[in-house]
1. Return P(r) of the stretch B:238-356 (all Cα-Cα pairs; 5 Å bins starting at 0; whole %; ordered from short to long distances).
2. Work out the FRET efficiency for A:Ser119 and B:Gln87 from their Cβ-Cβ distance, taking R0 = 56 Å, and round it to the nearest 0.05.
3. What list do you get for A:Thr199, B:Thr170, A:Thr254 if you sort them by fewest beta carbons within 10 Å?
4. May I ask you to derive the relative contact order of the stretch A:188-250, considering only C-alpha pairs under 8 Å and at least 6 residues apart, and to give it as an integer percent?
5. Report, as a whole number in µm² per second, the diffusion coefficient that Stokes-Einstein gives for the stretch A:41-142 at 4 °C and 1.567 mPa s using the Kirkwood radius over alpha carbon pairs.
6. Which order results if B:Val232, A:Val97 are arranged by neighbouring Cβ count within 10 Å, fewest first?
7. How shielded is A:162-172 by partner chains, expressed as the average number of their Cβ atoms within 10 Å of its Cβ atoms?
8. Could you give me the ³J(HN,Hα) list for the stretch B:236-247, computed from phi with Karplus coefficients 6.51, -1.76, 1.60 and θ = phi - 60°, whole Hz, x at Gly and Pro?
Amino acid sequence: MGRGVRGAPRTRRPGWFAALLALALAVVLAFLGLPILAVFLDTSPGALVESLGQSEARDALLLSLRTTSAALVLILLVGTPAAYLLATRSFRGKAVVVTLVELPLVLPPAVAGIALLASVGPGGVLGPVIGDSLALQTAGVVVALTFVASPFYIRQAQAAFGALDRSWLDAARTLGASEARAFARVAIPAALPGLAAGTALALGRALGEFGATLIFAGSFQGITQTVPLAIYDRFATDFDSALALAAVLVVLATALLLTVKLVGRSSPLAGA
Amino acid sequence: MLSGPLSLALETRLGALELGVDLEVQPGGCLALAGPSGAGKTSVLRVAAGLLRPERGRAACGGTLWLDTERGVDLPPEARHCGYVFQDYALFGHLSAWRNVAFAVSGGRAERRRQAHELLERFGLGDRADAPPRELSGGERQRVALARALARRPSALLLDEPLTALDTRTRAAASRELKQVLTETEVPALLVTHDFAEAALLGDEVGVVDSGRVLQRGSAGEIAAAPFSAFVADFTGAAVLTGTARRGERNLTVVTLDGGGEVVSTDRGEGAVAVSVFPWEIELAPTGSSADGSARNRLAVDVLSVTAVGNRVRVGLASPQPLAAEVTEAAAHDLELRAGARVEATFKATATRLVTV
């Protein structure tokens, strides 16, 4: 980049631009890396482990894992075929549908929480049908997570399916595969790296969900208090245990990111 | 294998193109549709395979009705049993060669594996079975695509530009192999290509397609010898020289070529004309050789290019208008043909066709 030797040889200028780029990256690294590092450095490992032994922390962790997994299963089961439809068919009003699907991406989480209350809360539009089976319940956490996280997956999945060579799907059909089999045996394995990336984005978003959950489901230990809510609950009173939970989330998120990078990079034959 | 003719008739509008063809291919026969890109060739294949639904159409193969828009019959692609070879082969990138083939085989896991390996073996790819498509050469990919298309014991074979994705060096060998496969197969084959020479080589019968219509159908030789129109003449590879015609002696027509030179033709014509002459009618000789044959036409030409096409060599010439000759490899060698050489092109007055423009 920009190092090409052009024209007559001349002494190279001091690389002030290269230095500027390096400086910018250094600032970014320090700014992003230091806080994450500090989560582990600010307290002793022993204290971390000890505070994780408390029942509140364990409850929050378990609840986060359960609700996030449930939300993810819902997102994958419904979002994958929906994204496939958006990627492979054209129909009237598709642009509107796509915009609608993307809307939660830019919606403030607090607005999402209020919107959920207004729609599927006890006094909401569907209140007469649903009653209070969701609001302030674990199921409500799952609904909130699904609402805010699914667009991340669907967008990515749509892009991955859209980038598929359409002739592969045609070939599958002429080779005897029904449309459903072409989807399951060709489209999904071929789009796997993109689907994995979308899963990671949705997982990360769901794991960190705070505002919509708080407003729609509240923060009750063991029922609706996920890890982010538990951190918020105690950061003023018991900073060490808040820190311990934060550390767990950092580790989880890192593992997630690495997994996705590995799936994305693995041989495309792995899915065979 | 179900053996029976493939018949296809369709009328449909595709954007600005009015596609309308009506054709039949006998079992064991190969009809090669040749035409420029955008002529609607691929759409014909897609209609046959069930990947594209025409406004009106009827398709049947081996006694099975595939499509009848009037009666509301439209079998999905998977129920038509077509072996389709796609232009870029459309091998599944996430599956190895043998799994690509096994995809088309039904039955148990072991049976599918065995059949796939057997087919690859037949195509000389036994040792490449585990390779993913991206590690295969163009020629190997084409053979995997063929093996995969045949794996389902199709009742018809559809091939879309089967040689286009190959480089010129691979193409000669691949076309021989493909010809062999087409000769051995007992089902009707429909092939489309933008190259008339390829169509002539691979098809028992050739149909020249333009703007969604089959303009002329017959053996490659018939079409080349008696093209219905200037388009067909041009497309079949005939060189088209423009000039002005006048009556000459002994009922011959003399054409003064634009840019210099004169050509004598047995066809009648006056005024602005296009003279077409086929590459295989043109003889090349060293300049100054005074061979007194029956050829009335003798043009001094510059060699622009020398390209091997199968077992022949196509020589691009400038007369100064572009002209092409086809000679054998041996002749090309003896004449020391190379770009920049100057030779004499001779052809008989009877080998020219005049079209008034």
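Read-outs: derived from the displayed coordinates by stated rules, not from any lab. Just so you know, these numbers come straight off a predicted model, no measurement behind them. Because the Cβ atoms are built from the backbone with ideal geometry, glycine has one as well, and the counts that use them run over all protein chains shown.
1. With 5 Å bins starting at 0, P(r) equals 2, 12, 23, 24, 18, 12, 6, 2, 0.
2. Approximately 0.70, to the nearest 0.05.
3. Fewest to most other Cβ atoms nearby, the residues stand as A:Thr254, B:Thr170, A:Thr199.
4. 21 percent
5. 76 µm²/s
6. A:Val97, B:Val232
7. 5
8. 5, x, 5, 6, 10, 10, 9, x, 10, 9, 9, 5
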